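For reference, the structure discussed in these notes is given below.
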Amino acid sequence: MESTSQEPTQHETPPKRDPLLPEIKDHVVQLEAMLLYTLASVVVLFFVGQYAARLGALALLSPLALLAAVPAIVRVTNPRNEVRDRLNWAVGLGGFIGLVVGATADILSGGLTLGQGTLVGAGAGAALGGTLGPNIERWRNRSDFVERGEAFEFLFKHKHAGPHVANPSLIAKALDTKIPSFDINEDRRRWYLREHLWEYVSRGKDATFGSAGTAQHL
């Protein structure tokens, strides 16, 4: 009599997750959102143009409102670029401050400023956003993971921050022995938190890296 028992099947290891794939998807979604946002903006501005005579100085509110929403649309900012960060927040804060502060002055004065308050507020907001843009993006993306190559480039870019990152050898040693790394895919590839890199640049040997108790030096 033949045995009907079957040999146990071997459990297959699930494929490793590549962190780059979600980033690519985020970029695609952002492009779609920007396209739809541009289309909606064109329609809004068309109608504003049709009724500009009736709206008077208030006609400036619509384009500024559209500009203020730009940072909320442009959320994906990899790879890092300081010029883009400054422009992004110059547009966003310029629109927001011009909308809130300048337009309020125009409304309270009954439009007697002829839109000048709005323009002054927009200019001040643009200057503020252009100045603070990189710092804002740094705060927004502080929890991003970057691979070792990008981490090395980041530290080398800031080699003038102090002797602890003054040359490639010191940077490589810091990545190998000082800055926490994480094997997030369990494939021996090393990833670093962006906020840890910033902390090491600014504090060097005094960096504590917060609660990085699960870090690995592979």
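The values are calculated or read from the model by the stated rules, or taken from the named source; none is laboratory data. Here the structure is a predicted model, which is why all the values come from computation and not from measurement. Backbone-built Cβ (ideal geometry, glycine too); neighbour counts: all protein chains shown.
In the range 134-162, what count of residues is obtained for those that are farther than 16 Å from Glu23 by Cβ and either among the hydroxyl-bearing types (Ser, Thr, Tyr) or without any contact (Cβ under 8 Å) to a residue 24 or more places away in the chain (or both)? Result for the range 134-162: 8. Between Ala90, Ala72, Ala68, Ala33, the distinction of being exposed (fewer than 11 other Cβ atoms within 10 Å of the Cβ) and either of a type in the set (S, T, N, Q) or at pLDDT 80 or above (or both) belongs to Ala72 only. Within the range 7-23, identify whether any single residue is over 16 Å from the mean Cα position of the chain (by Cα), surrounded by 14 or more Cβ atoms within 10 Å (Cβ to Cβ) and at pLDDT below 80, and answer yes or no. Checked the range 7-23: at least one residue is over 16 Å from the mean Cα position of the chain (by Cα), surrounded by 14 or more Cβ atoms within 10 Å (Cβ to Cβ) and at pLDDT below 80.
Of the helices (runs of 4 or more DSSP H) entirely within the range 92-182, those holding at least 3 residues that are closer than 30 Å to Ala59 by Cβ and of a type outside the set (Val, Ile, Thr) occupy 103-108, 116-140.
Which ones in the range 110-123 are on the phi < 0 side of the Ramachandran plot and either modelled with pLDDT under 70 or not assigned by TED's automatic domain parsing to the domain that holds Gly94 (or both)? Across the range 110-123, the qualifying residues are Leu112, Thr113.
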